[in-house]
Each structure stands twice: as C-alpha cells, then as structure tokens.
Amino acid sequence: MTRKAVALISGGLDSLLAARLIQQQGIQVEGINFYTGFCVEGHTHAIRSRDRKRAKRNNALWVAEQLGIKLHIIDIVEEYKDVVINPKHGYGANLNPCLDCKIFMVRKAHEWIRDNGFDFIITGEVIGQRPKSQRKRCMPVIASESGADDLLLRPLCAKNLPATLPEREGWIERELLRDFSGRSRKPQMALATEFGFDDYAQPAGGCCFLTDHTYSVKLQDLWDNRGNREYELDDIMLLKVGRHIRPSKHFKLIIAREEGENNFLSGYKNQFQSIKTVSHPGPLALIEGEPLDDSQVELACAITARFSKGRDADSVELRFSNGGQDSRSVHVKPLTADQIKQDWIIA
Amino acid sequence: MSDIVEVDARRLFCPLPVIRLQNCINKQIAGTRVRVVSTDPGSMNDIPTWCRINGHQVLESQERDREYIFLVQKGDDGSEG
Ligand code: SF4
C-alpha cells in the first residue's frame, strides 16, 4: 500500500528538499500552502510599476511543479487573525508570531490529512535555523500543540529528533533522512545540487511581511490608533503600499509613491476619503480614519501637495473626495519639508 | 456543450485568483469548463502552472485591457474535493 504524505510548501528550498527526500522513499506526496494575507509572494511585485515587468512566479507553485506534485492552496486569512492578534508564545523580533504560526499551520495540515485520507505530514523545518520557532525545544511543542504528534516528520533534521510514527512503522527509512542543524545553508545547497535543483528561491528574511520591521511598525500604529487589534484583509494589503503619514490620532494618509501604487490605491477610492492633485502631476492619497473636518482636509491636502510636482508652488489645487460620493476642490500652499514632522511619518 | 462557470478574480492579488479558481474547480465534475478573469499579471504564470500540476487543461488564455482571461477545463484527476 502506498503511503501518502502532505508537505507544507512555503516556496523555499527547505520544503522542496524535505518533500523530495520523502518522495524518494516511494511515498506519494502532495503539497499544501497557506495564504495568510501577509505572504510576501507577488503582491508588491504586482502593485509596483517598476516590478510589474519583472518575471515573477509564485514560488510555492514552482516548487510543486519541480516536485511533480499537486498543490492545495488554502485561504486561512480569517482564522489566522487570532494567531497574529493573540499569539500564546509571543512575537519574534517584529510582529511575527512564528511559533504560534507553525503550530497553527501544522494543526490545519493535520485536519487536512484526516479529511483527505493521508498518513502523515512533512515540513522543511531545521533545528536552530531561525531564532525562535526552530529551536530544538520548540520542535516537540509544535508537534504536540498542533495535535499532529508523531505524525509530523521533519526529513531534514529527523535524525536529531525522536523517531516518528512513519519511521517506527517502517514506511520511511530513518537512515535515509538527514541531521541538519544550525544556521548554515551549506548542507541544503549541497543536497539541492545532488537533486539537481537550481534557480530556487533564496531565503530573504522570513516567509511573510510580519518579519519586516517597517511593516510591523505600520501594523502596530494601526492597532494603537484604532484602540483594538482587529484587522481586515484590505487593512493589511494597504500596509504594503505607499508612504504612511499620521499627522493626528484621528487619521493617516496613505500616499502613492509611483504609478502602480496610484492604480492600486484608486481601487479603494469608493471606500475611503481621498485626495488627488489637480493643478500639478501628483499622487493619490487615501485617508484612513474618521471623516475629516475642514482644517484637517486642508492639512491633509497640504501634506499631499508636498509630494506632488507642485511642491514649491504658492498654491496647488487638489480634489478631496468623500468615499467616491461628493468631491470638492481645495487650494493650499504645500507644506515645506520642515513642516512635515518626523513623528508623523510612520513609514 | 455544457455551460461555462464564471469566476471573477479581478482586483485580487497572487495567490488569491488561483485560490478562487481552485475552490470553484473543486466543486465541479470532470470536464466542466471554468472561465476566470484576473487583473493580476502574475496570473499569467500562476494559473497555467496551477492547472498543469493539478491536471486541468487551459483551453484558452488571453490578455485584454489589462485583464487576463483563462478558459480552464477540469481534468479527470482533479477530484481533490
Ligand atoms: S515568518 Fe511569518 S509565515 Fe513564517 S513562520 Fe513566521 S509568522 Fe509564520
């Protein structure tokens, strides 16, 4: 009887190698990839004009194709909120709840194998590779708190860990698994060469925006000023785009930095108050927060004008729109660079 | 010819157009045709790749006014539920 494993596919090299090691032992492998909303994949490339032309690919799909396996992409945006908002094990260096995130994903994979008649789960985790979630003592925590227990096999470091059910049952030959540990990437690169994989995605920080410092600052600012930590998918998408300036507790501006961001933000014009320069070429700005009074409209326009081609003009005309309903024209003198206070700039 | 099932994935970014297509295809029987419209240029790679690895066939693909339109037929093997 052919045993079946599901592999957590992040799109990086480690999950590619882990899955291949198991395929080599005659196990039928399929992939699972989770979409949290914070994934770095694609979004910013698709938004920014200068990146639009660059050939891009979804790395998880690419990995699946290299392996010749099916890939199931699962939207976990809603359920994942609780992981980000209330991580039992806390955050890493930024707002990345890596340990809780891993537990959550393995738990989802465990549910998935039960529903789909698979035998066990594999991940590309390596002991000691990342600061927090991949310490040796975290490995049993992930296995037990996810409920997967000994159905969770990490082929790249299995020899450093107690034998799992697939090994004890003889579905998998433990001797053929690896004993990688620590931060060096050399063993992975050597194995990639052995398997004939090249052109794989290089690890660039974490697998998601939550490990990014500036992104985390913007998310924290959003939470602080709303007075709660709830968020919607649109909120976290908008944190990936534009210059964020908060001149008051009541509102912030999201100002496009280039054409692609202008197009992206204009898709939100019906949901937000917005400002567009009229007399000069300039960016579109969305206003996130409470409805503005007249003096706030003037301030928001003077800030936006600062980022237009009319920044040195005596007067710039802008159009202030109220969520796509009514709009009016506003004339302001752009703020000078000094008048934009440093502590207004979120990122 | 059976009807075509439509999936509107406009204004969504990678991998959401693929997820929308996948969730729709999973509910269909083999042979059903699904048309998906996306505005994310990444779809030009992602949708055909997803179809290839999961055993579905892209019958047509075209780009029109910054929209990417694919006509996909569900494969026999695509019964992932
Ligand atoms: S980097 Fe992001 S996706 Fe990766 S484990 Fe940490 S929180 Fe989860």
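The values are calculated or read from the model by the stated rules, or taken from the named source; none is laboratory data. What you see is a predicted model; the values in this text were computed from it and never measured. Cβ placement follows ideal geometry from the backbone for every residue including glycine, while neighbour counts extend to all protein chains displayed. Side chains are part of the model used for accessible areas, which takes the heavy atoms of the whole protein and leaves out ligands, DNA and RNA. Shrake-Rupley method; radii C 1.70, N 1.55, O 1.52, S 1.80 Å.
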Amide H of B:Val7: which non-local residues (sequence gap of 5 or more, or other chain) have their own amide H closer than 5 Å, using H built in the peptide plane?
B:Arg35, B:Val36, B:Val37
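Quick one: of A:Lys159/A:Lys186; A:Lys70/A:Lys218; A:Lys81/A:Lys108, which pairs are farther than 26 Å apart, Cα to Cα? Please report the intermediate quantities before stating the final value.
Values: A:Lys159/A:Lys186 18 Å; A:Lys70/A:Lys218 36 Å; A:Lys81/A:Lys108 14 Å.
With Cα atoms farther than 26 Å apart: A:Lys70/A:Lys218.
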Across peptide A:58-67, how many C-beta atoms of other chains are within 10 Å of each residue C-beta, on average?
4
Could you name the lysines in cross-link range of A:Lys309, using Cα to Cα under 21 Å and dropping any fewer than eight places away on the same chain?
A:Lys276, A:Lys333, A:Lys341
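Sorted by packing (mean other beta-carbon atoms within 10 Å per residue), highest first, where do A:109-116, A:160-167, A:235-242, B:56-63 land? Provide the component values of the computation, followed by the final result.
Details: A:109-116: 16.0, A:160-167: 18.4, A:235-242: 20.5, B:56-63: 14.2.
Packing proxy ranking, top to bottom: A:235-242, A:160-167, A:109-116, B:56-63.
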Which of rounded, prolate or oblate describes segment A:64-198 when judged by the alpha-carbon gyration tensor and an a/c cut-off of 1.5?
rounded
The correct ranking of B:Asp65, A:Asp212, B:Asp8 by accessible area at 1.4 Å, largest first, is B:Asp65, B:Asp8, A:Asp212
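Can you give the FRET efficiency to the nearest 0.05 for A:Ile85 and A:Asp199, using r as the Cβ-Cβ distance and R₀ = 51 Å? Before the final figure, lay out each step's value.
Values: r = 37 Å, r/R0 = 0.73.
For R0 = 51 Å, the calculated efficiency reads 0.85.
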Non-local residues with an amide H under 5 Å from the amide H of B:His56, with H modelled 1.01 Å from N and Pro and chain starts lacking one, are B:Gly75
Which whole-number percent of Cα pairs in the protein assembly as shown have a distance greater than 42 Å?
23
How many partner chain Cβ atoms sit within 10 Å of a residue's Cβ in peptide B:42-54, on average, as a whole number?
6
Using the Karplus curve 6.51 cos²θ - 1.76 cosθ + 1.60 with θ = phi - 60°, work out ³J(HN,Hα) for each residue of segment A:292-303 in order, rounded to whole Hz, and write x for Gly and Pro.
7, 8, 4, 6, 5, 4, 4, 4, 4, 5, 5, 5
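Averaged across A:307-320, how many Cβ atoms of other chains sit within 10 Å of each residue's Cβ atom?
Values: counts 0, 0, 0, 0, 0, 0, 0, 0, 0, 0, 0, 0, 0, 0.
What the average comes to for A:307-320 is 0.
Wrap a convex hull around the Cα atoms of segment A:241-344, take a quarter of its surface area, and give that in square nanometres.
On the way: hull surface 23.3 nm².
If I average the Cα hull's projected area over directions, I get 5.8 nm².
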Under a point spin-label approximation (7 Å from Cα along Cα-to-Cβ), what is the B:Arg64-A:Ser315 distance to one decimal in nm?
4.7
Would you mind putting A:281-294, A:27-40 in packing order, based on average other-beta-carbon counts within 10 Å, highest first?
A:27-40, A:281-294
